[in-house]
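Values in this text are rule-based calculations from the coordinates and carry no lab data. For clarity, every value in this text was computed on a predicted model and none was experimentally measured. Here Cβ is always computed from backbone atoms with ideal geometry, including for glycine, and neighbour counts include all displayed protein chains.
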Amino acid sequence: MSHRAPRRLLLPLLALGVIATQAPGLLATPASATPRQAAHAGAPGHPLARFTDQEPDWKRCGADIPARLRCATLTVPLDYRSPGGATIDLAISRIAAGDPGKRRGVLLSNPGGPGGPGLYLPLYLAEKMPKSVTDRYDLIGFDPRGIGRSAPVNCGLTTAERQWPRTFRPFGESVARVRTTADKCRAKAGGTLAHITTRNTARDMDVLRAALGEKKISYFGVSYGTALGAVYTQLFPGRADRFVLDSAIDPQRMWREMFRMWAPEVEPAFARWSRWTAAHSATYDLGRTPAQVRARFWRLVERADRDPVVVGDAKLTGTDIRAVLRREFYTVRSAAELVALLRDAAAGKPVPEFPTSPEEETDNGASALWAVVCGDSAWPRDPGTYLRDSVRDAARHPLFGDFASNIAPCAFWDAPVEPVTRVDNTVGTLILQNEWDSQTPLTAARSMHRALKGSRMVTVDEGEGHGVAYGMAPGPTNRCAQGTATSYLVTGALPGKDVTCRAVPDDGPGTGPAKPVRPAFG
């Protein structure tokens with residue numbers, strides 16, 4: 001699931017919940033409170049008053065950044081369980097609503113990850129969202145804690161250590177790789193790691209809400225951003241206004257089981273691709289029947305494991321090919337073009353340069369990813385658990401089972417300091433989902449829909465790719481899905497029932513597979 005291109009162009013005991021449990025009166029708003037205090041949900045003397053009473057000092061973000069985007073710094077507790085302790089600074093941004101007379105409030109946003117910066121996302125959304133939306137909302141961006149310009153976590157990981165999931169033989173190589181990652185992160189940022197979590201980022205969003213003087217926030221989150229949005233609705237249900245969750249994770253599977261979901265989910269995508277490619281055998285010559293297409297692919301994998309396929313400067317083993325194609329099979333034309341190219345390369349034919357390896361992740365992006373997914377939930381500690389799961393899942397799901405179940409740095413991470421967030425509420429939300437999404441499969445979005453009992457879901461039938469609305473994925477815009485989201489953001493009215501949209505036809509010449517990127521959720 002990736003929306004790295006737009007981001008590069010503009011380019012995760014309960015804190016407030018603990019306070020509410022221990023001293024519920026502290027969160028009550030007295031009758032004498034000022035409007036700003038009411039927005040803060042607390043009178044002077046509230047444990048978070050020194051944070052919620054901040055007034056952002058908006059300034060230009062930089063000489064090379066459009067002046068309409070203004071930036072500021074927000075101070076928040078490092079540990080919400082100890083709001084009088086250490087603090088960190090968050091980078092926040094704003095594009096003011098286009099029509100003050102129509103202004104409804106603020107629309108926060110998150111582009112995904114974990115590990116994705118969002119400070120400049122409002123610039124992108126201002127171009128992609130219709131005027132009916134941008135007239136009504138201040139578009140608010142921020143780099144989540146631990147990311148970008150918000151107290152970034154950097155573990156000093158090498159390029160190889162940033163790549164995950166990977167599968168190594170013997171298994172001990174995998175264990176050594178992820179143990180080193182965990183050790184480096186503990187050495188570099190041990191005092192911070194436990195607090196770089198989705199729950200704390202949601203709490204940061206609520207401090208931001210209060211600092212902006214708003215009683216409620218609206219929100220647009222993509223991929224991992226749907227997890228962040230869902231956690232916010234769970235912690236602060238009365239402060240969520242209009243929430244759009246695009247390409248949703250499964251809130252019951254955060255996080256190891258969400259990664260493992262990729263293995264069984266790619267199998268039907270592979271079968272669909274085989275059927276499509278067989279129907280287009282005149283173009284790709286990969287087989288006239290689905291069985292022939294599948295056999296051709298597996299022969300290519302086996303051949304590459306014996307003798308790597310050379311594409312440009314890269315030498316690709318069968319394991320490398322499976323890693324790349326896992327994502328591509330969800331977009332049938334893209335996958336067919338890539339497999340045909342690899343076939344030609346294996347035969348010694350000249351082929352064009354082609355993006356066949358993951359985009360290099362930054363140290364901060366990879367480090368923040370592990371901080372969030374290891375800090376949100378406990379992972380198994382015994383390496384043997386991962387070995388047994390990998391062997392079993394590889395037999396069940398040969399395309400990606402050994403990858404998805406392989407050991408991760410979380411096996412050697414310090415235990416989380418908070419429980420897993422159980423998402424189960426009635427906050428009104430709108431979920432957008434393509435049927436064929438490689439990063440957040442349709443089954444994950446359906447689980448999110450069940451957890452958010454006040455939600456409605458828009459499914460794009462035969463829709464391909466990760467991201468649905470407002471240009472968050474390459475390809476033509478699905479006007480049905482995006483129009484439903486826009487209507488909700490403008491009017492506040494959810495559809496009376498779930499909506500099914502038809503995929504936008506794509507019968508033109510292929511543009512080649514999208515560049516594979518880091519296999520995280522955003």
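Numerical summary
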read-out: Segment LYS128-VAL310, extension gain: residue separation times 0.36 nm, minus the distance between their alpha carbons; value: 61.6 nm
read-out: Hydrodynamic radius (Kirkwood) for region 178-256, which is based on Cα pairs only, to one decimal in Å; value: 14.0
read-out: SER281 versus VAL417: modelled label distance in nm, points set 7 Å from Cα along the beta carbon direction; value: 6.1
read-out: Sum of side-chain charges, ASP424 neighbourhood, beta-carbon under 14 Å (Lys, Arg +1; Asp, Glu -1); value: +2
read-out: The chain: translational diffusion in µm²/s, Stokes-Einstein, Kirkwood Rh over Cα pairs, 4 °C, 1.567 mPa s; value: 55
read-out: Using alpha carbons only: equivalent-ellipsoid semi-axes of region 296-351, gyration tensor based, whole Å; value: 17, 13, 10
read-out: Nonlocal amide H pairs with ILE147, under 5 Å, H built at 1.01 Å; value: VAL153
read-out: Cα coordinate range in region 72-118, projected on the principal axes (Å, largest first); value: 41, 26, 17
read-out: Size descriptor, Kirkwood hydrodynamic radius, that averages inverse alpha-carbon separations across region 34-193, Å; value: 18.5
read-out: Separation in nanometres of the label points that stand 7 Å from Cα toward Cβ, at VAL504 and ARG60; value: 3.5
read-out: Förster-model FRET efficiency, 45 Å R0, THR73 and THR443, C-beta, rounded to 0.05; value: 0.65
read-out: Residues TYR232, TYR386 arranged by fewest to most Cβ contacts within 10 Å; value: TYR386, TYR232
read-out: Kirkwood Rh and Cα Rg combined as Rg/Rh, region 296-414; value: 1.04
read-out: Region 223-289 - Rg (one decimal) and Dmax (whole number), Cα, Å; value: 18.9, 57
read-out: q = 0.19, 0.23, 0.24 Å⁻¹, region 108-174: log10 I(q)/I(0) [Debye, one scatterer per Cα]; value: -0.81, -0.98, -1.02
read-out: Computed FRET value (nearest 0.05) for ASP53 with ARG450, which takes r as the C-beta separation and R₀ as 35 Å; value: 0.35
read-out: Estimated D of region 345-430 in µm² per second, where Rh is the Kirkwood radius over Cα pairs and Stokes-Einstein applies at 25 °C, 0.890 mPa s; value: 147
read-out: Contour minus Cα-Cα distance for ALA176 and GLU257 (0.36 nm per residue); value: 27.0 nm
read-out: For region 139-149, 3J(HN,Hα) per residue [Karplus equation, 6.51 cos²θ - 1.76 cosθ + 1.60, θ = phi - 60°, Hz, x = Gly/Pro]; value: 8, 10, x, 6, 7, x, 3, x, 10, x, 9
read-out: Evaluated over region 235-347, the Cα radius of gyration and Dmax, each in Å; value: 18.2, 61
